[in-house]
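Chemist: To start, I am sharing the structure in question, which I have written as structure tokens.
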């Protein structure tokens, strides 16, 4: 880490540590939930009185709730792009710990962009919260920060990098994290082998995804036993080293024969991060599965459950979180089936679909991302997913997704959502590969046209 950046964090932390009572406000996704938990844990250990509030987004609607808070607010994983909004609504006493592109610089903000780091690749919101905690002598939540980074897709090219690796190394030294090069399919810990393959969407496995019987035959042909000696079904982590190598090689050949792009295949294998103090075979043992559990809590409007799990609750909150995850998975499957039947509409430079109430706005972005991975959607274009805003029927929620091939060509969804939503009196922003917006419903066609023109310019047209 650059020396001046660390000094910048330490100076910020000194100011924060002088407060007596604060309210932590964060985003409802995995990165925001982990960032909130790290901050709440830190402030409690410093002897502060702290409340927390999780928002689906910081915009002209949610700002009303914040105006009722009398003590200082510390924003995590949000706030850098909403400075004007906060000032216009007379939110004066606040701190910002964020990794999104900042609107302005101010003394109560810590953000990596000012020091040449990319908040979409180098460090997540939870990572920034971790560094604030570390500067005040608390490094015990490195594993939670890493879950946030994975949930923010910062390892989507196969590994974490830059500032994220400092957090990883801290966790390894403490004996709470383990990193290895392995298969990165979801469900390595908590799903039977056949389910891991049958539910695979990133990447989509031709002939296996969605076809359980084929998965059974595929594994049997490789000579891999499906059950352990005690009769229970094996998960991937139960396999021996040579069995893992055999399975990875077979999947690689399967994808290669199906004409899947090389960069997609390479993303199937990479670094996996194991949380060593969590119980084997549970969603909390694997960073990707842990982040999915937290996303489920946020998307199902129960983010406080996720915060409590991050803070160490392995009782009622943990059991509730697992139930939420099951409901979340069911809703995602139904969303994918709806999208398969409905299909997409086409603009010159992107595709889009409107859920028309069949998919809630809380999960529509996840459905779009999964459909991308499963190649239900055209990977040569960005995708926009439209859903009814649950807080105001006069508004639409927009979720956009791209892939690394498009990013390399110049697509930046965050910039597009921010600029185009402003033109129709909406709010928007995010990262290059995943972003969102909220717009007036009657401005839909105008907004889509602006987005099409913006993507054309980004692609050099």
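Chemist: Would you please state which residues of region 138-162 a label at residue 174 would reach in this model, taking the label point 7 Å out along Cα→Cβ and a backbone N cut-off of under 19 Å?
Modeler: Once the point is set 7 Å along Cα→Cβ of residue 174, 138-152, 160-162 turn out to lie under 19 Å by backbone N, inside region 138-162.
Chemist: 222 nm [θ] for the chain, helices only, -39500 (n - 2.57) per DSSP H run of 4+, per residue, to 500?
Modeler: Helix-only estimate at 222 nm: -13500 deg cm²/dmol.
Chemist: Further question: Which ordering of 278, 308, 7 is given by a fewest-first count of other beta-carbon atoms within 10 Å?
Modeler: Details: 278 18, 308 21, 7 11.
Fewest-to-most ranking of 278, 308, 7: 7, 278, 308.
Chemist: Relative contact order of the chain, please, whole-number percent, based on alpha carbon pairs below 8 angstrom and at least 6 residues apart.
Modeler: Once divided by the residue count of the chain, the mean separation gives 11 percent.
Chemist: According to a simple spin-label model (label point 7 Å from Cα along Cα-to-Cβ), what is the distance in nm between residue 46 and residue 18?
Modeler: Result: 1.2 nm between the two label points.
Chemist: Here is a follow-up. Is region 343-458 rounded, prolate or oblate when judged by the Cα gyration tensor, a ≥ b ≥ c being the square roots of its eigenvalues, rounded requiring a/c under 1.5 and prolate requiring a/b larger than b/c?
Modeler: It is oblate, given that a/c is not under 1.5 and a/b is not larger than b/c.
Chemist: Here's something else I'd like to know. Quick one: if you stick a label point 7 Å off each Cα along the C-beta vector at residue 7 and residue 442, how many nm between them?
Modeler: 5.5 nm
Chemist: Pairs of Cα atoms under 8 Å, at least six residues apart: use those to get the relative contact order of region 3-151, whole percent. Mind showing how you got there, number by number?
Modeler: Numbers: 291 pairs, mean separation 43.0, N = 149.
So the answer I get is 29 percent.
Chemist: Oh, and also: Arrange 285, 108, 188 by Cβ neighbour counts within 10 Å, fewest through most, would you?
Modeler: By the 10 Å Cβ count, ascending: 108, 285, 188.
Chemist: Could you tell me whether region 12-73 comes out rounded, prolate or oblate from its Cα gyration tensor? Rule is a ≥ b ≥ c as square roots of the eigenvalues, rounded for a/c under 1.5, then prolate if a/b exceeds b/c, otherwise oblate.
Modeler: Note, shape of region 12-73 comes out oblate.
Chemist: Right, something else. In angstroms, what radius of gyration and Dmax does region 3-151 have, counting Cα atoms only?
Modeler: According to the Cα coordinates of region 3-151, Rg and Dmax are 13.7, 39 Å.
Chemist: Another one. So what is log10(I(q)/I(0)) for region 259-343 at q = 0.23 1/Å, when the Debye sum runs over its Cα atoms only?
Modeler: With no solvent term, the Cα-only Debye profile gives -1.06.
Chemist: Also, I was wondering about something else. Give the percent of DSSP beta bridges with both residues in the chain that are antiparallel, rounded to the nearest 5.
Modeler: Of those bridges, close to 60 percent are antiparallel.
Chemist: Which of 67, 201, 126, 60 comes first, and how do the rest follow, when ranked by fewest Cβ neighbours within 10 Å? Can you show the working numbers first?
Modeler: Working: 67 10, 201 20, 126 36, 60 14.
Least to most surrounded, the residues fall as 67, 60, 201, 126.
Chemist: Report the Cα centroid-to-centroid distance between region 57-88 and region 319-367 in angstrom, as an integer.
Modeler: 28 Å
Chemist: How many nm is it between the label spots at residue 70 and residue 253, if each spot is 7 Å from the Cα in line with the beta carbon?
Modeler: Once both label points are built, they end up 7.1 nm from each other.
Chemist: Quick check: the distance between the Cα centres of region 401-422 and region 149-200, to the nearest angstrom?
Modeler: That distance is 25 Å.
Chemist: Here's something else I'd like to know. Quick one: what Rg and Dmax do you get for the chain from the alpha carbons, in Å?
Modeler: When restricted to the Cα atoms of the chain, Rg and Dmax are 21.7, 66 Å.
Chemist: Rounded to the nearest Å, what's the spacing between the alpha carbon centres of region 101-137 and region 1-30? Just the number, please.
Modeler: Answer, in whole Å: 8.
Chemist: Could you tell me which of rounded, prolate or oblate describes region 183-330, using a ≥ b ≥ c as the square roots of the eigenvalues of the alpha-carbon gyration tensor, with rounded for a/c under 1.5 and, failing that, prolate when a/b is larger than b/c and oblate otherwise?
Modeler: prolate
Values in this text are rule-based calculations from the coordinates and carry no lab data. As the structure is a prediction and not an experimental result, all values here were calculated from the model. When we count neighbours, we look across all protein chains shown, and the Cβ atoms used for this are built from the backbone with ideal geometry, even at glycine.
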